[in-house]
Amino acid sequence: MNSKPILVVGGGPAGLAAAHALASVGQRSIVVEKENRLGGAPILSGYAKLVPSGEWARDAIGGMVSRVEGNPLVEVRKGCRIEEFSGGPGDFTARLSDGSTVEAGAAILCTGFTHFDSVNKPEWGFGTFPDVVTTTQVEQMISTGKGIRCPSDGRKPQRVAILLCVGSRDRQIGREWCSKICCTVSCNIAMEIREELPDCHVYIYYMDIRTYGLNETYYWRSQEEFKVKYIKARIAEVTSDGQKLIVKGEDTLVKRPITIPFDMVVHAIGMDPNVDNKTLAPIFGVGLQEHGHIAKGSAYGALGETSRAGVFVAGAATGPETIDDSIAQGKAAAMAAFALVNQKTAVAA
Amino acid sequence: MPIHEQSLIRPENLKTHDKLVLDGVDVSGHWSTFIEPRVVTDYNEALQEEIAALPGGEHIHRCWQCGSCTNSCTVNAVNPDFNPRFWIYLIRMGMESELLRDKDIIWQCVSCNKCTYACPRDVFPEGVMKATAHWLELQGHTPKSKSTLFDEEFTEQVMATGKIEEGRIIRGFFAKTGQALMQDWLVEMAKRLARRLPIKLGFLMGWATIFRPRTRGWSRAGEAIEEYVHEQQAKQRKALSLE
Ligand SMILES: Cc1cc2nc3c(=O)[nH]c(=O)nc-3n(C[C@H](O)[C@H](O)[C@H](O)COP(=O)(O)OP(=O)(O)OC[C@H]3O[C@@H](n4cnc5c(N)ncnc54)[C@H](O)[C@@H]3O)c2cc1C
Ligand code: SF4
Ligand code: SF4
Ligand code: SF4
């Protein structure tokens with residue numbers, strides 16, 4: 001095969017899956033990753049055990065990384081971005097931030113998402129009270145082996161509240177999507193907390209529980225085996241009395257205002273569109289959809305296509321996605337890009 | 001029937017000042033009506049575990065508040081205040097004082113099990129109702145219900161003799177519940193029975209009443225059952241911190 005390599009932008013689960021899929025059919029690729037490490041969010045943010053596999057992120061995604069890094073058909077460029085992108089299908093030229101230029105037959109954008117910054121919901125205390133943390137921080141407490149501790153003084157919390165939909169499903173901050181995985185991740189985290197600290201009470205405050213599909217077992221097990229308590233309420237504010245965090249809201253099922261003390265409050269943060277999308281879109285000449293994710297073609301005929309021929313997209317770059325789905329999309333986009341550069345079939349527009 | 005919610009605005013919390021001027025504005029009378037906030041400090045976070053320790057309550061923590069039990073409930077259809085879903089929630093959240101407000105209706109469950117067949121999570125709401133009524137009795141919030149007293153009389157007899165003797169159960173039950181032995185319907189029943197009963201059976205009944213026959217070899221079985229029952233009772237009392 002003499003076709004030009006395929007450019008894979010972003011080395012998270014989607015990009016790693018795409019590069020590996022291309023290598024497995026003998027197609028060369030170049031992975032351009034802006035950070036100095038491959039692996040995407042699960043590695044860069046230090047996630048602990050993944051749902052739904054239960055495997056540690058460092059093993060599961062780490063395995064994907066080494067499979068790609070050791071592959072002679074994949075060229076990895078870390079700490080690097082694309083600054084210019086020109087040409088047409090089968091014949092693109094990209095200029096990289098390190099000054100080099102690469103030629104590519106096609107490009108797959110696997111640029112993922114940006115974690116919601118909880119500071120944008122000041123009423124929930126993040127950034128004001130050290131014991132208000134995010135799911136990402138809790139993942140790190142678990143994956144580093146430090147365990148669940150209150151950041152203020154390192155004590156083991158006796159009462160933990162997890163607030164769902166922080167940075168999702170909220171018109172006030174212009175985020176109308178559901179981030180899809182945070183319910184399941186939160187159920188899982190709740191069980192991990194109860195496992196490490198059996199005397200710690202864990203409450204989850206929810207509007208809906210969206211542990212869709214087989215993830216429902218996370219919801220059931222957390223309730224049935226781990227006695228996690230679910231309260232239908234969207235919290236009004238998180239304050240402090242100087243010692244404990246004070247969570248206020250309405251317990252909607254009993255029409256009761258609630259004011260409850262907690263040691264730790266966890267924000268189940270959502271997945272924002274990648275902050276880079278505003279610069280990526282003009283560089284690659286691709287359209288964004290209404291929420292700012294990279295717009296993708298119809299799943300029925302053109303999965304993985306963007307508004308520009310020869311430029312494909314996969315994973316959380318298209319909207320909130322799980323790892324499993326990002327991997328599947330990475331492979332689907334690889335298939336479409338491979339077909340294009342090898343002129344096997346004309347890809348339906 | 002829509003799920004009935006209990007209003008938490010209680011008349012005793014409505015406060016009105018007959019004479020009140022705020023910032024120069026006269027807000028006397030109903031202009032000053034406000035609801036006194038009730039801060040509940042007496043959450044009993046062990047409540048769910050206490051109910052779960054009693055027979056029938058084991059699966060209470062499965063409940064996800066869908067309301068299927070309440071909207072299928074026989075008693076709820078006639079008394080909207082009878083709301084198993086609501087009580088299960090109060091128990092799970094440890095709102096003991098709220099639960100106690102309904103202590104005089106919780107026992108009204110008729111054990112029809114319609115809720116049991118409606119519940120998608122296999123919570124066994126009927127069992128939970130039973131466990132809750134039992135909890136109320138053990139904690140001394142409600143007197144023993146008549147059915148509990150009947151069960152006790154029945155059990156005591158079985159444990160003592162391995163048999164039951166109806167006349168004795170009725171006498172014991174009436175004595176425990178403070179009812180007169182000579183009740184019209186009972187007298188009438190006895191009269192009619194006497195008219196039709198074969199002589200031999202009547203004689204046997206009288207004999208059994210006086211001599212209390214026991215099942216042969218019962219003492220060992222009886223002791224084992226008694227020991228088991230006491231063990232269970234002790235366990236339950238311990239779970240409720242009553243020891
Ligand atoms: C707290 C939390 C826990 C989660 N846990 C799970 C879980 O247990 N299971 C699960 O299925 N999902 C989980 N997710 C979702 C999971 O993180 C995503 O599904 C997954 O990371 C998406 O993979 P991706 O490759 O599309 O994007 P990403 O993982 O975001 O990877 C994108 C990569 O592209 C790089 N990049 C971005 N912009 C550029 C650019 N301009 N130039 C070059 N490179 C760029 C990034 O540095 C990154 O390496 C969780 C999410 C959160 C927030
Ligand atoms: S997955 Fe759950 S927590 Fe996340 S945005 Fe959707 S409903 Fe909210
Ligand atoms: S068993 Fe009791 S709670 Fe259940 S439906 Fe019948 S009366 Fe209602
Ligand atoms: S039917 Fe079952 S799950 Fe639904 S509210 Fe009643 S007890 Fe809970």
Six or more apart or on different chains, Cβ under 6 Å: which pairs go from a residue in segment B:122-138 that's touching a residue at least 40 places away in the same chain (Cβ under 8 Å) and within 14 Å of chain A (Cβ to nearest Cβ) to one that's more than 9 Å from ligand 3 (Cβ to nearest atom) and assigned to a helix (DSSP H, G or I)? Could you list them?
-> B:VAL123/B:ARG62
Test: residue in segment A:248-261 that is modelled with pLDDT of 90 or more, outside any loop (DSSP other than H, G, I, E, B) and out of contact with any Asp or Glu (no Cβ under 8 Å at 6 or more places or on another chain) = no
Out of all the residues in segment B:167-176, is one or more part of a helix (DSSP H, G or I) and either crowded, with 20+ Cβ neighbours inside 10 Å or within 16 Å of ligand 4 (Cβ to nearest atom) (or both)?
-> no
Count of segment B:204-242 residues which are among the basic types (Lys, Arg) and under 18 Å from B:VAL158 (Cα atoms) | 4
If you check A:VAL119 against the conditions, is it assigned to a strand (DSSP E or B) and touching a Phe, Trp or Tyr at 6+ places or on another chain (Cβ under 9 Å)?
-> no
Set B:VAL128, B:VAL123: member being at pLDDT 95 or above, touching a Ser or Thr at 6+ places or on another chain (Cβ under 9 Å), of a type in the set (A, V, I, L, M, F, W, C) and near ligand 4 (Cβ under 10 Å from one of its atoms) = B:VAL123
May I ask you to verify whether B:GLY222 is touching a residue at least 12 places away in the same chain (Cβ under 8 Å) and not charged (D, E, K, R)?
-> yes
Does B:LYS163 satisfy the criteria of being more than 12 Å from ligand 3 (Cβ to nearest atom), free of Cβ contacts under 8 Å to residues at least 24 places away in the same chain, more than 14 Å from every other protein chain (Cβ to nearest Cβ) and of a type in the set (Lys, Arg)?
-> no
Give the number of residues within segment A:189-215 that are open to solvent by 20 Å² or more (accessible area, probe 1.4 Å) and more than 12 Å from A:VAL51 (Cβ to Cβ).
-> 11
Could you give me the residue pairs with C-beta distances under 6 Å whose first residue belongs to segment A:166-178 and is outside the structural domain of A:GLN289 (by TED's automatic domain parsing), whose second residue is open to solvent by 10 Å² or more (accessible area, probe 1.4 Å) and among the aliphatic types (A, V, I, L, M) wherever it lies, and which are 6+ apart or on separate chains?
-> A:VAL166/A:ILE269; A:GLY167/A:ILE269
Of everything in segment B:115-142 that's within 24 Å of A:SER222 (Cα to Cα) and open to solvent by 60 Å² or more (accessible area, probe 1.4 Å), which residue is nearest to ligand 1 (Cβ to nearest atom)?
-> B:PRO120
Looking only at segment A:204-242, which residues are part of a helix (DSSP H, G or I) and either within 16 Å of ligand 3 (Cβ to nearest atom) or not basic (Lys, Arg) (or both)?
-> A:GLY213, A:LEU214, A:ASN215, A:GLU216, A:THR217, A:TYR218, A:TYR219, A:TRP220, A:SER222, A:GLN223, A:GLU224
Being closer than 23 Å to B:ARG216 by Cα and out of contact with any Gly (no Cβ under 8 Å at 6 or more places or on another chain) narrows it down to one of B:ARG168, B:ARG192, so name that one.
-> B:ARG168
Within segment B:143-159, the residues that are of a type in the set (Gly, Ala, Ser) and either at positive phi or open to solvent by less than 60 Å² (accessible area, probe 1.4 Å) (or both) are B:SER145
Residue selected from segment A:143-188 under the condition within 14 Å of another protein chain (Cβ to nearest Cβ) and either open to solvent by 10 Å² or more (accessible area, probe 1.4 Å) or over 18 Å from A:ARG210 (Cβ atoms) (or both), by the criterion farthest from ligand 1 (Cβ to nearest atom) | A:GLN158
Looking at A:THR252, is it farther than 18 Å from B:GLU45 by Cβ, of a type in the set (Ser, Thr, Tyr) and either crowded, with 18+ Cβ neighbours inside 10 Å or within 13 Å of another protein chain (Cβ to nearest Cβ) (or both)?
-> yes
Going through segment A:222-249 one residue at a time, which ones are more than 21 Å from A:GLY167 (Cα to Cα) and either in contact with a Cys (Cβ under 6 Å, 6 or more places away or on another chain) or open to solvent by 30 Å² or more (accessible area, probe 1.4 Å) (or both)?
-> A:SER222, A:GLU224, A:GLU225, A:PHE226, A:LYS227, A:SER240, A:ASP241, A:GLY242, A:GLN243, A:LYS244
Of the conditions (1) under 26 Å from A:TYR230 (Cβ atoms); (2) surrounded by fewer than 16 Cβ atoms within 10 Å (Cβ to Cβ), B:GLY67 fails just one. Which one is it?
-> (2)
Residues of segment A:82-102 satisfying the condition of being of a type in the set (Lys, Arg) and either open to solvent by less than 50 Å² (accessible area, probe 1.4 Å) or in contact (Cβ under 8 Å) with a residue 60 or more places away in the chain (or both) | none
What single numbered condition from (1) touching an Asp or Glu at 6+ places or on another chain (Cβ under 7 Å); (2) away from ligand 4 (no atom under 11 Å from the Cβ); (3) open to solvent by 10 Å² or more (accessible area, probe 1.4 Å) fails to hold for B:HIS61?
-> (2)
Go over the candidates A:VAL185, A:VAL202, A:VAL247 one by one and state the one that is of a type outside the set (D, E, K, R) and more than 16 Å from ligand 2 (Cβ to nearest atom).
-> A:VAL247
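The values are calculated or read from the model by the stated rules, or taken from the named source; none is laboratory data. In this text the structure is predicted, and so the values were computed from the model without any measurement. Cβ: placed from backbone, ideal geometry, glycine included. Neighbour counts: every protein chain shown. For accessibility, only protein heavy atoms count, side chains too; no ligands or nucleic acids. Shrake-Rupley method; radii C 1.70, N 1.55, O 1.52, S 1.80 Å.
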